[in-house]
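Inspection log for the structure reproduced underneath, given as structure tokens.
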Amino acid sequence: MTTNTKDSLFIRAALSKPVDRPPVWMMRQAGRFMKEYWDIKNRYSFLEMCKTPEIAADVTMLPVDLLGIDAAILFSDILVTAEAMGGQLSFTQGVGPQFANPVRSKQDVDALDTQVVHKLQYVADAIKEVQQRLNGSIPLIGFAGAPFTVMSYLVEGKSSRDFKLTKLMLHNEPALAHALLSKIADLTIDYLNMQIEAGVNAVQIFDSWAAALAWDDYKEFSHAYIKRIIAGLNRQDIPIISFCKGSSVFAPLMAETKPDVISVDWNADLRTVKESLPANIAVQGNLDPHILYADKAVIRKRIVELHERMKGQNGFIFNLGHGIMPDIPFDNVKYAVEVIKNELH
Ligand code: CP3
């Protein structure tokens, strides 16, 4: 057991220090592909799970205990900030997140409250509970959504394919969009600082839907706010990971925000991205999650190939290009973690 998580594989790789093998964790590792998740989920609603520190800790620990990954990620959701601001959030099975009061007008934006970090105390409590259980064995990653991605749910009122209303607000009412993004960014700074204070060992910012944006729109409506958030964090020596679906295009801008790690989607050649960045920025990624549906021989081959490609580079964290899908066989995920932990040198 590591008593000092600063010496862990994950933190060392995130800070671009040498490691014997790349550490591995997977986005959405605390979720529906595990039978044990459903055993808990069938008894509580999703938000009840997020808001009850004991249950959030139980779910956070599932992939730690069942997969042996090198970093835990807190079980929660990026939309809890939007709920704390006044969004009436529900999660319906098969539908996903929904806001009953979507944000479409100036009155709607004005009604959102930003001085609400105290409403998210349950997240700080969950972090403390998880850290007690981890007892220094591996680091814990906290997270928040990036303002553009959170905004998209508030404006659309639900998951969207094309982000039509959100992009219309950016294009027709940029001042309103900026007012909304600014409010989300303000709370997100307080929220991530609360997580750091509560004891997370790293934080990841999820901009899951940034790939919907044109370069100039990304710069004005997403990048500017991520920059503001990272600059506002009391980061100490805690690595900041910036994830964006679209990072294969936006990585040069993402680097300007000074994260420690950029989490890269699966479209890019990871080595090319790494070499395009300042040497002190690590990369995380970027296996196509669909590989985990494939035969084990294919999974092994793709992992070994990615590792070969990244050999000799400090600052590489094994992950997927985006989250694990709920119907990916657990056995395949476990096999992938075993290959990464036991077969890569
Ligand atoms: O990574 C982890 O394992 C930690 C937990 C985590 C969840 N959501 C749990 C969850 C994290 C980091 C998130 C972040 C999140 N939430 C993102 C960004 C990450 C990404 O994958 O891009 C986004 C876009 C959301 C919004 C959200 N929450 C969606 C789109 C959904 C799924 C809707 C659906 O039914 O497919 C959720 C719900 C959610 N968040 C679940 C889990 C385990 C499923 C809830 C359930 O049990 O039904």
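Against the list (1) away from the ligand (no atom under 11 Å from the Cβ); (2) over 17 Å from Lys183 (Cα atoms), the condition Lys158 fails is (1). Filter the range 20-43 down to the residues that are more than 9 Å from the ligand (Cβ to nearest atom), open to solvent by less than 10 Å² (accessible area, probe 1.4 Å) and within 15 Å of Lys334 (Cβ to Cβ) and list them by number. Val24, Met34, listed by residue number.
In this structure, Asn280 does not satisfy being more than 22 Å from Trp209 (Cα to Cα) and touching a Pro at 6+ places or on another chain (Cβ under 7 Å). Residues that are within 16 Å of the ligand (Cβ to nearest atom), of a type outside the set (Val, Ile, Thr) and within 27 Å of Asp65 (Cα to Cα) are absent from the range 293-316. On inspection, Leu213 does not qualify as of a type outside the set (Ser, Thr, Tyr) and away from the ligand (no atom under 16 Å from the Cβ). Among the residues of the range 109-134, those that are among the acidic types (Asp, Glu) and open to solvent by 50 Å² or more (accessible area, probe 1.4 Å) comprise Asp110, Asp113, Asp125.
Of all residues in the range 281-301, exactly one satisfies the criterion of being free of Cβ contacts under 8 Å to residues at least 40 places away in the same chain, open to solvent by 60 Å² or more (accessible area, probe 1.4 Å) and closer than 28 Å to Pro18 by Cα, namely Lys301. Applying the selection to the range 135-150, what residues are open to solvent by 10 Å² or more (accessible area, probe 1.4 Å) and within 14 Å of the ligand (Cβ to nearest atom)? Answer for the range 135-150, where residues must be open to solvent by 10 Å² or more (accessible area, probe 1.4 Å) and within 14 Å of the ligand (Cβ to nearest atom): just Phe143. Screening the range 45-60 for residues that are over 19 Å from Pro139 (Cα atoms) and exposed (fewer than 14 other Cβ atoms within 10 Å of the Cβ) and picking the one that is nearest to the ligand (Cβ to nearest atom) gives Ser45. Just one of the listed residues (Val80, Val116, Val95) is within 11 Å of the ligand (Cβ to nearest atom), modelled with pLDDT of 95 or more and not polar (S, T, N, Q), namely Val80.
The values are calculated or read from the model by the stated rules, or taken from the named source; none is laboratory data. The structure presented is a predicted model; accordingly, all values stated were derived computationally and were not measured. With ideal geometry, Cβ positions are generated from the backbone for all residues, glycine too; neighbour counts draw on all protein chains shown. The accessibility values were calculated without ligands, DNA or RNA, using every heavy atom of the protein model including side chains. Shrake-Rupley method; radii C 1.70, N 1.55, O 1.52, S 1.80 Å.
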